[in-house]
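Structure first, commentary second.
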Amino acid sequence: MSEDITSVYSHAQRKALSITPHVTGFLSFFGSAFIVLEILRDRKKRGQVYHRIMLGLATSNMLTSIFLGLSTWPIPSGTEGVFDARGNEATCRAQGFFVALSLLGPMYNAVLSTYYLMVIGYGKKERQCRSVERWSHVIVISIGLAFAFAGLGLNLYHSTKLWCFIGPIPCDAEDVDCDPRANNFELYRWIFFGIPVWICISVLTCQQGLVYYKVRNQELVSRKWRRGTENRAKSLTNQVAVQCFCYVSSFFMTWIFPTISRAMAAFGGIPPFAVVYLTTLLLPLQGLINFFIYMRPRYARYRKNNPGESAFSLMRKTFFKTCLFWRRRDDADADDMNLGLRVGELYQTTAVALTSIVGSAARQSVAPPPEQAESITKDAEEVVEEK
């Protein structure tokens, strides 16, 4: 973020940049807390790889949402051009440390995309994913803590006018010998944060594209044996494509504006107010966005099973009865399986069935009976249908 925003932004604009993260950080914290409660209170979910990855992601989002939501409060009081600065050097360093830990979010999302690729793309089973999942927690947390403590040890956490992060050395106007760029903060921003974030985004995008490619190929193969039944069930490709698009778009929506701002600052420019405001609006909001993505398959199931209910009623069931402790037990039991495992089961079932059909047809030099192909396809599709 450009450090000289006080010269171009009005008092009203600085006020908006300070207040907005209080709101979005608060919403993000509770969105992440709902995911954490949803997983911790359910023994079956605590034992599933997908939900444990989501638990790590939601926990990291809870921490960063708190400190991003504090906005300008921890910045040392009296800092020129900062609205509502109330802190000191110690509070600034503390906020900078936890803001640096927001790197855990992109890394956990990269782990989540790896899980989808293993289950859907390569048909790996739950037990085969567990060893990868355990090591992923160790690697992600170790890298995040290492970079955050490195910034603390190098004394890089200072005011960036929006919150405390890797920033320039604060200098008095009368101190002509003080160089705010002496700590090379722009270089360290890219090393400790910018480059790792975009590596995660690139990995996630490539992996989700590969998932879609593999599922699309499987869908095209299976259609050869459906004999006109493909319109009876919702396309598997569409289900996976929508979920993939949600995760990829949430990343770009959350991280594109901070990256644009930092790129402009690196070349000596000052980002427009709209770009900076979208940064303060969306960056603290990542936990809430992940919450909606996490709940999306459940909302789709309720909508399918209750076509006559209003959208408000369906949202109430999805976001309250399924998250709070007074949720009905039968609702909890119905939601144990996650979308990744259901699609993975469908992929494996369809692949085995089609392999058997194609092998039999090759030996007999004839196509399989339409009734047989239709029956197998119907059984495979029922794996992802909600009871």
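Every number in this text was worked out from the coordinates using simple rules, so none of it is lab data. Quantities reported herein were computed from a predicted structural model and do not represent experimental measurements. Positions of Cβ are generated from backbone atoms using ideal geometry, with glycine treated the same way; all protein chains shown enter the neighbour counts.
A straight chain from residue 311 to residue 182 at 0.36 nm per residue would run longer than the Cα-Cα distance by 40.9 nm. For region 268-280, the Karplus equation 6.51 cos²θ - 1.76 cosθ + 1.60, evaluated at θ = phi - 60°, returns couplings of x, x, 10, x, x, 4, 4, 5, 5, 5, 5, 5, 5 Hz by residue, with Gly and Pro reported as x.
With a cut-off of 13 Å between beta carbons, the residues surrounding residue 83 carry a summed charge of +2, where Lys and Arg count +1 and Asp and Glu -1.
Of the listed pairs 15/317; 125/304; 125/214; 45/124; 44/304, which have alpha-carbon separations greater than 26 Å here?
On the way: 15/317 37 Å; 125/304 28 Å; 125/214 17 Å; 45/124 18 Å; 44/304 24 Å.
Too far apart for the 26 Å limit: 15/317; 125/304.
Region 17-90 and region 110-151 have Cα centres separated by 22 Å.
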